[in-house]
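Below is one structure; the comments refer to it alone.
Where a number appears in this text, it was derived from the coordinates with a stated rule and is not lab data. Keep in mind it's a predicted model, so treat the numbers as computed, not measured. Cβ: placed from backbone, ideal geometry, glycine included. Neighbour counts: every protein chain shown.
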Amino acid sequence: MLAVAGLAVWRGGVALDAFIALVGLVVFGEYVRLVARIAPDPARMGAAVITGAIYIGWGALALIVMPTPLLVAVMGLVICTDTGAYFTGRALGGPKIAPRISPSKTWSGLAGGMAAAGLWTGLFTLGGAWMISGLGPTGPSLAEALHIANLGVAVLAGAVLAVAAQAGDFYESWLKRRAGVKDSSRLIPGHGGFFDRVDGLLPVAIIVGTAWALGAPA
């Protein structure tokens, strides 16, 4: 998945947009499969499908409209959140957040995911500032990069977005538990479906992409 996504990001342009749109359609199909097992009548099924179309479509559109560096930052943040949460949760254990929805998620894991995401956004922001400092007459400067970058805000934003990523994970876990299935599909052998891989990415993409669109120059 990372290799294919990386190739799409490297190609950029229409290829990247088409890849995001295709993944979004597959995720939507898996979502409909889940809610079809849950909805007790056609009216609620229709409402659930509309809700999913907005949620998944918004996330996919946000990824399409944001510039590639921001897309890389968002993907890296979600990966760091998942990785930090997994290893910290395994190492420290402790109280579960919502055992009836996702028995493996712990508060220590959430803290680890927030720390990893904050570290990622801090380093990514510092790297961008270092590249910007290279445009000056003296060339790249770490001191100038530290002056340009607002690392405190970047780290805090990463930690907050990690909570959003975990919320997306919990949302899909709740859907799967209600549907009585382990994975959203079997499209990725040994890893479930596409929804299982992007559940945390969707809410982060919505938040970041919408914020960027609202702040982007006309």
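Placing a label point 7 Å from the Cα of Val49 along the Cα-to-Cβ direction, the residues of segment 191-205 whose backbone N falls under 20 Å of that point are 195.
Each principal axis of the Cα cloud of segment 110-218 was taken in turn, and the coordinate range along them, longest first, works out to 61, 35, 25 Å. Size descriptors for segment 80-151, from the alpha-carbon set: Rg then Dmax equal 17.7, 58 Å. Relative to the longest principal axis of the Cα atoms of the chain, the long axis of helix 13-38 lies at roughly 30 degrees.
Taking every alpha-carbon pair under 8 Å whose residues sit at least 6 apart, segment 25-106 reaches a relative contact order of 17 percent. The value of relative contact order for segment 100-218, using C-alpha pairs under 8 Å at least six residues apart, is 25 percent.
If exposed trypsin sites (Lys or Arg not before Pro) are those in a DSSP loop with at most 12 other Cβ within 10 Å, what is the longest stretch of the chain that has none? Answer from the scan: 1-99. A straight chain from Tyr86 to Ile132 at 0.36 nm per residue would run longer than the Cα-Cα distance by 13.2 nm.
For segment 33-189, the relative contact order works out to 23 percent when only alpha carbon pairs closer than 8 Å and six or more residues apart are counted. Each helix, a run of at least 4 DSSP H residues, gives -39500 (n - 2.57); summed and divided by the residues of the chain, these come to -26000 deg cm²/dmol at 222 nm. Full extension of the chain between Ala36 and Arg178 yields a length gain of 50.0 nm, computed as 0.36 nm times the residue separation minus the alpha carbon distance. Run a plain Debye calculation on segment 10-125 (Cα atoms as equal point scatterers, no solvent) and give log10 I(q)/I(0) at q = 0.10, 0.13, 0.16, 0.23 Å⁻¹, rounded to two decimals, same order as the q list. Evaluating at q = 0.10, 0.13, 0.16, 0.23 Å⁻¹ gives log10 I(q)/I(0) of -0.45, -0.73, -0.98, -1.09. Largest first and in whole Å, the equivalent-ellipsoid semi-axes of segment 10-76 read 29, 11, 9, each the square root of five times a Cα gyration tensor eigenvalue. Computed on the Cα atoms alone, the convex hull of the chain gives a volume of 142 cubic angstrom per residue.
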